[in-house]
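Chemist: One structure is given below, represented as structure tokens, and several questions about it will come after.
The values are calculated or read from the model by the stated rules, or taken from the named source; none is laboratory data. Quick caveat: nothing in here was measured; it's all calculated off a predicted structure. All Cβ positions, glycine included, derive from the backbone under ideal geometry; neighbour counts span all protein chains shown.
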Amino acid sequence: MDNLVSLCKRRGFIFPGSEVYGGFAGTWDFGPLGVMLKKNIMDEWWRFWVDQRDDIFGVDAAILMNPRTWVASGHTATFADPLVECKSCHGRFRADKLVNGANESISTEEFAKAAPKCPTCGKTDWGPIRKFNMMFTTHVGAVLPEDLTSAEGKDLAEKSTAYLRPETAQGIFTNYKNVVDTLYPDLPFGLAQQGKAFRNEISPRDFILRDRECSQMEIEYFVDPENWEAEFEKLLKENDEFLTKIMGLNLADINHLEVAPADRAHYSKRTVDFMFAYPNGEQELMGLAYRTDFDLQNIQRESGKSMEYRNKTDNKVFVPHVIEPSIGVERLLLAVLSNAYSEEPVDGKDETRTVLKLPGNLAPYKFCVSPLLKNRPELVAKAREVYQLLKDKYTFVTWDDSGNIGKRYRKQDEIGTPKCVVIDFDTLTDGTVTVRDRDTAQQVRVKPTEL
Ligand code: GAP
């Protein structure tokens, strides 16, 4: 993991958020290479789930939503983690993370019995467990800090409170009726959304795995309740297909964990967590949850508007049930990176090379073009021609004429460029270029039009 974090920084994939000011815990910034990788992942997800299907449609809802959303969804009441404070050093931690086998409903008594040591000072002098709501609050409208101190101000503060959405899902549920009324799609159908989600995590950690600001890609798949089990199994398989065929992960690194009832989110009757073998151990990559009609019924109650669906074939009227595949972009990106990362000896040399064996569809650049020597105008001119030829066709092409050719290969290996194209003296006579493969380091000569 340390090597991967260092590569991400060294090559401009991921930087700590606000680094210039000493950082800001739980936030990360994506640099030029990271943005390209992240965008490729998100675009491939959209292509697989939305563009290539007839039953899933996109939405893009506002991040700021009417606060009643979070009352109806149960987040105001239950989206909380157990917080415990060390009385000695005043460090604050998630209680369930300090006790082996504990879950989020751990009580003060259970915690006291386990008596874990404080990870910071080693003492076992703990305060009671308190529930800490993880939603970030903000105030909407022209509210000044001094307005908030008087009794009138407190009332104003309460009325103006809004939340940064902790999941993208609710923006889908609140648009379910709009889509049914405008598109009237056949059931089952899904709505997909990508976007930012915010959680005031007590202890953000493990690089980009647990952030305070992350991006989610979620689908709410609306089904006839009679068919939920079959649809769940289908979505499980389709998610495996997406993760392996499109993201290039190995099925052997994914463990489908059937989540026990006590560990499931408040809305779920069945959840399978897709656990991935990250470099620092197995962690949740994504979840597949059967949310029943929990959300649509809550919205129906809170809004007074019907969420019923009328079957076109038999006129049966009911509130659909929902199956939700939900994945964090950062967790997927880290899985892709750790799957691709490799260190291997260089043939015939006392040297190791670091290679990101990214699938071609995800690699930030598909080709790197360079002249063998940058001080030979005839090589540079020919290389520019080839560069433009590829750029017109693929967009994701980079130019590199720095250092010697060996250094350029090392750099392109580290950022995962599948093919390096070199224009050398033979190009000037026979018109062919050298193409060097990232994974095998084998070289072949081809005409530029064959690239
Ligand atoms: N709508 C359901 C939902 O949000 P979740 O299990 O809380 O369920 C779904 O989150 C996915 O979002 C997780 O499996 C993970 O991939 C990602 N995720 C959740 N919290 C995250 C965080 N703090 N940092 C990065 N990714 C996170």
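Chemist: Quick one: how many residues across region 174-214 are within 11 Å of the ligand (Cβ to nearest atom), among the hydrophobic types (A, V, I, L, M, F, W, C) and closer than 23 Å to L288 by Cα?
Modeler: So the count comes out to 5.
Chemist: I would also like to ask the following. So is P359 modelled with pLDDT of 95 or more and either of a type outside the set (S, T, N, Q) or surrounded by 18 or more Cβ atoms within 10 Å (Cβ to Cβ) (or both) or not?
Modeler: Judged against the criteria, P359 is a match.
Chemist: Going through region 434-450 one residue at a time, which ones are among the hydrophobic types (A, V, I, L, M, F, W, C) and either in contact (Cβ under 8 Å) with a residue 24 or more places away in the chain or outside any strand (DSSP E or B) (or both)?
Modeler: A441
Chemist: Would you say T313 is β-branched (V, I, T), free of Cβ contacts under 8 Å to residues at least 12 places away in the same chain and assigned by TED's automatic domain parsing to the domain that holds V272?
Modeler: yes
Chemist: For region 240-255, enumerate the residues that are within 13 Å of the ligand (Cβ to nearest atom) and surrounded by fewer than 17 Cβ atoms within 10 Å (Cβ to Cβ).
Modeler: Matches in region 240-255: none.
Chemist: Continuing with this model, one more query. Would you pick out the residues in region 311-330 that are in a strand (DSSP E or B), farther than 19 Å from L257 by Cα and either at pLDDT below 95 or within 12 Å of the ligand (Cβ to nearest atom) (or both)?
Modeler: V322
Chemist: Let me ask something else. Please list, ordered by first then second residue, the pairs with beta carbon atoms under 9 Å, 6 or more apart or interchain, first in region 193-222 and under 20 Å from V322 (Cα atoms), second surrounded by fewer than 20 Cβ atoms within 10 Å (Cβ to Cβ) and basic (K, R).
Modeler: As it stands, the answer is Q216/K196, since those pairs meet every condition given.
Yes/no matrix, rows are residues, columns are (1) surrounded by 19 or more Cβ atoms within 10 Å (Cβ to Cβ); (2) part of a loop (DSSP other than H, G, I, E, B):
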{"position": "C8", "(1), (2)": "yes, no"}
{"position": "G26", "(1), (2)": "yes, yes"}
{"position": "V35", "(1), (2)": "no, no"}
{"position": "K38", "(1), (2)": "yes, no"}
{"position": "W49", "(1), (2)": "yes, no"}
{"position": "F57", "(1), (2)": "no, no"}
{"position": "A62", "(1), (2)": "no, yes"}
{"position": "N66", "(1), (2)": "no, yes"}
{"position": "W70", "(1), (2)": "yes, no"}
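Matching residues to (1) part of a loop (DSSP other than H, G, I, E, B); (2) crowded, with 20+ Cβ neighbours inside 10 Å; (3) outside the structural domain of P225 (by TED's automatic domain parsing):
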residue: E110; (1), (2), (3): no, no, yes
residue: K117; (1), (2), (3): yes, no, yes
residue: K123; (1), (2), (3): yes, no, yes
residue: T138; (1), (2), (3): no, no, yes
residue: L156; (1), (2), (3): no, no, yes
residue: V179; (1), (2), (3): no, no, no
residue: G195; (1), (2), (3): no, no, no
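Chemist: Please find, within region 316-354, the residue that is surrounded by the most Cβ atoms within 10 Å (Cβ to Cβ) out of those that are without any contact (Cβ under 8 Å) to a residue 60 or more places away in the chain and among the polar types (S, T, N, Q).
Modeler: Of everything passing the filter in region 316-354, S342 is surrounded by the most Cβ atoms within 10 Å (Cβ to Cβ).
Chemist: May I pose another question? Those residues that are in a loop (DSSP other than H, G, I, E, B), in contact (Cβ under 8 Å) with a residue 24 or more places away in the chain and over 24 Å from A262 (Cβ atoms), I need them from region 78-108; list them, please.
Modeler: The answer is K87, S88, C89, G91.
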